[in-house]
């Protein structure tokens, strides 16, 4: 009886061994069929087994496995497989976009931005990478601005200027112009009561406001150099110049 139990155990072990080490070409075929059928869970399982058995040498399958991982909401796995594609320089732009998106889903902001910057350096002028990068810093700038953190807002808006896109650069420069116009206007508004009670303090606050208006004017003029037809920038610039004449 003991020998019979031992025989069964050995059979089970052999079965498991061969089950875990299926023919790589068959795993690839099954994965491709599942992907074509949009059965992403099965495709991910087959591809990941294939890649493990072949020591992650197949960049195309690694990329496809990343896509499948993304589809089935496995961002950590997606980031790993897209990174394999990146290291092997396969479909670089989309691999960087996929990895960055996975890191964003994982709320790893520092890694997200580092991946976007690396991607922009590796794939020049890619519109999607630049868009993701620009939107991230524009949103951060808006958040800082709403919190009254002028320096933080300026720093984040300025980071958008790293991209090559005129559209995103113009958005950033316009945002900077509005930031300093509003700050200067608020400073001046708060100082109005001082005009009749403390002229010295009023003059000092007015100078601060004018310094903000000067920065706003510079940023808006740069925005219009890039995008001469940006109507909103023209409107704010006119308001800024009117304030500077007072």
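Read-outs: derived from the displayed coordinates by stated rules, not from any lab. Quick caveat, the model's predicted, so the values are computed rather than measured. Using ideal geometry, Cβ is built from the backbone for each residue, glycine included, and neighbour counts are taken over all protein chains shown.
Remarks
- Estimated 222 nm signal from helices in the chain, with DSSP H stretches of n ≥ 4 weighted -39500 (n - 2.57), rounded to 500: -27000 deg cm²/dmol
- Rounded to 10°, Cα long-axis angle of helix 127-146 versus longest principal axis of the chain: 50 degrees
- Three-way shape call for the stretch 20-124 based on the alpha-carbon gyration tensor, with the a/c threshold at 1.5: prolate
- Note on the stretch 90-198: Cα Rg divided by 2.2 N^0.38 Å, N the number of residues, gives 1.37.
- Between the Cα long axis of helix 24-36 and the first principal axis of the chain there is an angle of about 50°, rounded to the nearest 10.
- Helix 92-105 vs. the chain, principal-axis angle (Cα, 0 to 90°, nearest 10): 80 degrees
- The stretch between residue 92 and residue 203, if pulled fully straight at 0.36 nm per residue, gains 34.3 nm over its current Cα-Cα span.
- Estimated from the Cβ-Cβ distance and a Förster radius of 35 angstrom, the FRET efficiency linking residue 42 and residue 118 is about 0.65.
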